[in-house]
Amino acid sequence: MPAHESNDICAPGKYYFMFNLQFLTLVGLWRNDSWPKRWLFFYDIYETTLHILPMIYIVITSIGTYQQRNELTLFLANVDKNLVAVNFITKYIIFMMKRKQLSMLITEIIHSGDNITKKCVKLMSIHVIVVTIFSLSVVTAFCSQAIMNREMIVEAWLPFDTMKNLKQYLTAFQILATMFTPSVLRGIAMQGLICSIIMYLCEQLKELQRRIRSLKFSLENEVQMRNRFKDIIKKHVRLMKYSQTMKVIFNEYFFVQNLAITLELCLNAVMMTVVGLSQKKLLISFLAFLCVALLNAYIYSYLGNELIIQSENIAHAAYDTEWTSWPVDLQKDLLIVIRTAQKPLVISAGGMANMSMQTFAQALYNGYSIFAVLADAVD
């Protein structure tokens, strides 16, 4: 291993997922079956409560949205915020349905013995922290502004008059915040774990490229070189298996993600057309929430694109070796590696598109196209 890389190796990968799994446990999405039965009982109650609260939020805000159907700007503003909540809830329902399969995948990765670089661990932690701070900052900023202006950030039905006095107004605000916040935190926690798996795959593919390029054949080290090449092939097959498993687990998850960002962009375009510059505060809130949604979609697309690039680079690394001096049987094995790597590892969104920067751009284009069609129909 080169000297500049030796200090970059972290502890075995079993510690890599610890931060994200603890975050998921905190938000009621990852129970530990090794806990005592009493702890599991209380955790199940906690988990169920966090399932129910966002559902109630959707119901009461949907009623509030319907009540504002005659006020176009308020109606669209509520639809936008409800769409965010529905996006989070739908994704964590899918996550819960696939949690057992995901747990098996993570367990297999943890026991694989793979090492993770310190840089990758740092990037993973920074990603979760930055996204959490940014998302909560946007939500907190507009909630604070709404409180100062004595406005509801989202219209909802409640069994009392929210504007009767300050006490009832703050009570309504606390109720809505308590119901909505778990969805945001769960969305961030899920994104952190999913991105950490993709980053792990990219990291291991880079490590495979280095190992392939370092292969040197000679009569003196033939046995050692064959064993190293065999280990490389085994690891490549294992990584392809992990990628395929992840593709199956998150197929519906990424479909919902792409659909949500398309609808979000379309709705924001409609809102900017309707509102214009006369209601700057409402327009800024729309753009801020849109930026959060675009950031999340961009992160998924960027990492999906990186996975495609690094898996294809295996073929380039194999071709860059001094294969002309290898025995014919090893050359044939190397050719199989090259041909296999030419079919990149991908993350599918509903089987209709692969997560990549091209898909991200296509989702933006689709959102604008839908808006343009609606605008033409209205005109």
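Here are the numbers:
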| quantity | calculated |
| --- | --- |
| Residue list for segment 1-34, filter: farther than 16 Å from Ser103 by Cα and either of a type outside the set (A, V, I, L, M) or modelled with pLDDT of 50 or more (or both) | Pro2, His4, Glu5, Ser6, Asn7, Asp8, Ile9, Cys10, Pro12, Leu26, Val27 |
| Segment 127-142 residues that are more than 23 Å from Val154 (Cα to Cα) and at pLDDT 75 or above, paired with ones that are assigned to a helix (DSSP H, G or I) and of a type in the set (Phe, Trp, Tyr) (beta carbon under 9 Å, 6 or more apart) | Val128/Phe19; Val128/Phe23 |
| Residue match in segment 213-235 (condition: within 26 Å of Ile370 (Cα to Cα), exposed (fewer than 15 other Cβ atoms within 10 Å of the Cβ) and either touching a Phe, Trp or Tyr at 6+ places or on another chain (Cβ under 9 Å) or free of Cβ contacts under 8 Å to residues at least 12 places away in the same chain (or both)) | no |
| Any hit, segment 269-277, residues being modelled with pLDDT under 80, surrounded by fewer than 19 Cβ atoms within 10 Å (Cβ to Cβ) and either among the basic types (Lys, Arg) or outside any helix (DSSP H, G or I) (or both) | yes |
| Scope segment 87-105; condition over 15 Å from the mean Cα position of the chain (by Cα) and surrounded by 19 or more Cβ atoms within 10 Å (Cβ to Cβ); matching residues | none |
| So Asp161, is it of a type in the set (D, E, K, R) and in contact with a Lys or Arg (Cβ under 9 Å, 6 or more places away or on another chain) | no |
| Segment 152-174: number of residues that are surrounded by 14 or more Cβ atoms within 10 Å (Cβ to Cβ) and either touching a Leu at 6+ places or on another chain (Cβ under 7 Å) or not in a helix (DSSP H, G or I) (or both) | 9 |
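The values are calculated or read from the model by the stated rules, or taken from the named source; none is laboratory data. What you are looking at is a predicted structure, and each value in this text was computed from that prediction instead of being measured. Ideal geometry is used to build each Cβ from the backbone, glycine not excepted, and the neighbour counts take in all protein chains shown.
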